[in-house]
1. Go through region 8-33 residue by residue and tally those that are open to solvent by 10 Å² or more (accessible area, probe 1.4 Å), in contact with a helix residue (DSSP H, G or I) (Cβ under 7 Å, 6 or more places away or on another chain) and under 20 Å from I100 (Cα atoms).
2. Cβ-Cβ below 9 Å, separation at least six or inter-chain, first residue in region 148-161 and under 21 Å from D235 (Cβ atoms) and touching a residue at least 12 places away in the same chain (Cβ under 8 Å), second among the aromatic types (F, W, Y) and open to solvent by 50 Å² or more (accessible area, probe 1.4 Å): which pairs?
3. Residues to consider are D248, D259, D292, D282; find the one that is open to solvent by 30 Å² or more (accessible area, probe 1.4 Å), modelled with pLDDT under 90 and over 20 Å from N176 (Cβ atoms).
4. From the list V92, V103, exactly one residue is within 17 Å of I23 (Cβ to Cβ), assigned to a strand (DSSP E or B) and at pLDDT 90 or above. Which is it?
5. From G44, G40, grab the single residue that is surrounded by 14 or more Cβ atoms within 10 Å (Cβ to Cβ), within 22 Å of the chain's Cα centre (by Cα) and at pLDDT below 95.
6. Could you list, in sequence order, all residues of region 135-173 that are assigned to a helix (DSSP H, G or I), touching a Ser or Thr at 6+ places or on another chain (Cβ under 8 Å) and surrounded by 17 or more Cβ atoms within 10 Å (Cβ to Cβ)?
7. Kindly establish whether K228 is open to solvent by 10 Å² or more (accessible area, probe 1.4 Å), on the phi > 0 side of the Ramachandran plot and among the charged types (D, E, K, R).
Amino acid sequence: MRYNVGMYGGSFNPLHLGHVDCIIRAANMCKELYIVLSVGKNRGEIDYRVRYRWLYQLTKHIGNVKIIMISDDAASKESYGEEYWDADSKSVKEQIGKPIDVVFCGSDYDENSFWNKCYPESEFYVFKRNGISSTEIRKNPYAHWDHLPSVVKPYYVKKVLLMGGESTGKSTLTINLANRFATNYIEEAGREISSRSGTDTMMLSEDFTEILLQHKLNEMKALPYSNKVLFEDTDTLVTQFFMNFLNDPEIEKNKALSDAIDAVNSYDLILFLEPDVPFVQDGDRSTVIRDDRITYSEQIKELIKAHGKEMVIIKGDYEERYERAVEKVLELLK
């Protein structure tokens, strides 16, 4: 090892592959490397706990890396001046608790930066950076997707939910959109569970509970493997509609669970499919809904609105639906 103790700092807002390269190289050159996460409390940064986890997940296998933090209340990076430097450098030195042999920086910092000026007793080692910029990534992460580490990408994944009544083409359109945008999707969780008695009219209350929990779990598992966007077929509110429609014997318990899950759910785009395509009898679809599709579709809409959700209406033939949905997703990723 060239150095005993080194440090490498930044805001990592967000962490990108330029940072990753510097961290790996610095760790290779030191017996101990301290990563200093700089937290601007008033700068609208990504939650420091998210950034800390990115750094931890990236380095936990290395063995000689530790993460420490400093924070300040400057309103912008430009206003983070020398009045903050003494206190922050003192905090860094106290947390490390031993002589710092080298301070590593990317070439986006110069010799007049905090990382050099406050550690005159340490060597200043500059890694040539490859032009990746956190500032540019924040402007449009999707244009710089390949510059993001795999641990960071889930933070930026957009979630698109498809909703509507029975036989409105949700499942097919969900898969088509996932294929169009080269990503993954979540199937309707209730499809298999609702058929355990052969018909959804004989569902048990615990079936609805499982559907509600399973869909959220499926989403959490899918996000890390999504490419910019994740498509979801149906959610907790549609399940709540069917709890009412199918007379769930313990509806109050499951409604409370549904509302709780809805409270933590967030979607970047909700596409609501109108019942203006032919009804296809696939499996055990309800003839009652078939005979009054508009009424039941409107009930689902009212449930969505009552929970404070906004939606984009998708209607027309299958080609028109696909084109409209693609258009809205492209707008989302601009």
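1. Just the residues of region 8-33 that are open to solvent by 10 Å² or more (accessible area, probe 1.4 Å), to begin with: 11, 13, 17, 19-21, 24-25, 28-29, 31-32.
Pick out the ones that are also in contact with a helix residue (DSSP H, G or I) (Cβ under 7 Å, 6 or more places away or on another chain) and you get 13, 17, 20.
Next, only the ones that are under 20 Å from I100 (Cα atoms) stay: none.
Count: 0.
2. P154/Y225
3. Numbers: D248 fails: open to solvent by 30 Å² or more (accessible area, probe 1.4 Å); D259 fails: modelled with pLDDT under 90; D282 fails: over 20 Å from N176 (Cβ atoms).
Matching residue, one of D248, D259, D292, D282: D292.
4. On the way: V92 fails: assigned to a strand (DSSP E or B).
The unique qualifying residue is V103.
5. Numbers: G44 fails: surrounded by 14 or more Cβ atoms within 10 Å (Cβ to Cβ).
Matching residue, one of G44, G40: G40.
6. So in region 135-173, the residues assigned to a helix (DSSP H, G or I) come out as 135-139, 141-147, 153-156, 170-173.
After this cut, where a residue has to be touching a Ser or Thr at 6+ places or on another chain (Cβ under 8 Å) as well, the list is 153-154, 170.
Answer for region 135-173, where residues must be assigned to a helix (DSSP H, G or I), touching a Ser or Thr at 6+ places or on another chain (Cβ under 8 Å) and surrounded by 17 or more Cβ atoms within 10 Å (Cβ to Cβ): K153, K170.
7. Numbers: open to solvent by 10 Å² or more (accessible area, probe 1.4 Å): yes; on the phi > 0 side of the Ramachandran plot: yes; among the charged types (D, E, K, R): yes.
In short, yes.
Yes/no per residue for (1) free of Cβ contacts under 8 Å to residues at least 60 places away in the same chain; (2) among the aromatic types (F, W, Y):
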residue: N265; (1), (2): yes, no
residue: D268; (1), (2): no, no
residue: I300; (1), (2): no, no
residue: V312; (1), (2): yes, no
residue: Y322; (1), (2): no, yes
residue: A325; (1), (2): no, no
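The values are calculated or read from the model by the stated rules, or taken from the named source; none is laboratory data. Given the structure is predicted, the values throughout are model-derived calculations rather than measurements. No Cβ is skipped: glycine too gets one built from the backbone with ideal geometry, and neighbour counts run over all protein chains shown. Just so you know, the surface numbers come from the protein's heavy atoms only, side chains and all, with ligands and any DNA or RNA stripped out. Shrake-Rupley method; radii C 1.70, N 1.55, O 1.52, S 1.80 Å.
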